[in-house]
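I have placed the structure first, in the form of structure tokens, so that the comments after it can refer back to it.
Please treat every number below as a calculation from the coordinates, not as lab data. The structure presented is a predicted model; accordingly, all values stated were derived computationally and were not measured. We place every Cβ from the backbone using ideal geometry, glycine too, and count neighbours over all the protein chains shown.
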Amino acid sequence: MKTYSNTGSKDTRSGFGAGLTELGKSNENVVALCADLTGSLKMDEFKANHPERFFQIGIAEANMIGIAAGMTIGGKIPFTGTFANFSTGRVYDQIRQSVAYSGKNVKICASHAGITLGEDGATHQILEDIGLMKMLPGMTVINTCDFNQTKAATLAIAKHDGPVYLRFGRPKVPNFTPENGTFEIGKAVKLTEGNDVTIVATGHLVWEALEAAKSLNEAGISAEVINIHTIKPLDEKAIIESVEKTGCIVTAEEHNYLGGLGESVSRVLAKHRPTPQEFVATNDTFGESGTPAQLMNKYGLNSDAIEKASKIVLARK
């Protein structure tokens, strides 16, 4: 079984900041807008290097989206930055009408997603944003797993013509994907080969899936782990090819099981190859205050939960 090494835990929001800094040097059409959270979104360096291309909008997220949509008309590539809750739920109407409906080339970049926002609690956490964004026609939805992949995705979406939702997080998580790796929108990454069970994971749950696969391997269970970094467009081929081999699947995400990756996978399976499936996700609930680790454990978003789900779905084959 192929193994992956943690080269040092880093927060994925810093991967976004590093990517944005690089874009500032290489693409003069890239502009950045922030809703009073420059430090939290790691946009400081872009601001320092390109003050004429940085716009501090203040706590006015709806206005920020409208301004970004207008900037695209002049050929600019706007990257907006704030917490995921404020990037989606607070401004859904503006995104729907001003960005998605007219296909504007806006990159909606959202930090502090899911319950790993932690101590700020349910009002600042969001577990339904993937569902909100993937339902918008023409919207690309990306959820990265570590620092390196977030940086690569930030660079890639600048070249993509059309609206994008890029979701990342606050806590430091294992950094295990290749440095300076390429990022192909809509192309899943198979991390381990397996014959008994497929585990598809996204975001912070990818590393947990790899840890679960190690434990399963020790128990004589061969798990195939696939990193679904792009929720939409979904790599249906990778999913179908894997379940044709394993015959069962577990989906893992830091999101409500309603409307997230798991439901997108279910649609693919129902249409092409009905397969037993188990979900590792939050169960139709809001979050609460606590450390990221405490919350991930309480809500069953960890390697133990993925391992347990894998054994349950294996029994259903």
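One table, with the values for the structure above:
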| read-out | value |
| --- | --- |
| Two-site label geometry, ARG273 and ASN297: point separation in nm, points 7 Å out along Cα→Cβ | 3.7 nm |
| Gaussian network model of the chain, springs between alpha carbon atoms under 10 Å - residue of GLY24, GLY70, GLY181 with greatest fluctuation | GLY181 |
| Highest-fluctuation residue, ALA84, ALA305, ALA60 considered, GNM on the chain with Cα pairs under 10 Å | ALA60 |
| Calculated P(r) of region 189-312 - Cα pairs past 23 Å, % | 23 percent |
| Rounded, prolate or oblate (a/c below 1.5 giving rounded, otherwise prolate when a/b exceeds b/c) for region 10-173 by Cα gyration tensor | rounded |
| R0 of 51 Å, Cβ-Cβ distance THR285-GLU52: FRET efficiency to nearest 0.05 | 0.70 |
| Rel. contact order, % - alpha carbon contacts under 8 angstrom, at least six apart, the chain | 18 percent |
| Aspartates and glutamates whose Cα lies under 16 Å from that of LYS10, excluding same-chain neighbours fewer than 8 positions away | ASP146, GLU179, GLU208 |
| Modelled label reach - LYS187, point 7 Å along Cα→Cβ, region 224-261 residues with backbone N closer than 19 Å | 225-242 |
| Gain in span if fully extended, LYS172 to ILE312, counting 0.36 nm per residue against the direct Cα distance | 47.4 nm |
| Gap separating the Cα centres of region 147-191 and region 50-73, nearest whole Å | 23 Å |
| Angle in degrees between helix 236-246 and the longest Cα principal axis of the chain, rounded to the nearest 10 | 20 degrees |
| Among ASP11, ASP129, ASP284, residue whose mean-square fluctuation peaks in a GNM of the chain (springs only between Cα atoms under 10 Å) | ASP284 |
| Cα-based Lys proximity count in region 189-312, under 14 Å, for pairs eight or more positions apart or on separate chains | 6 |
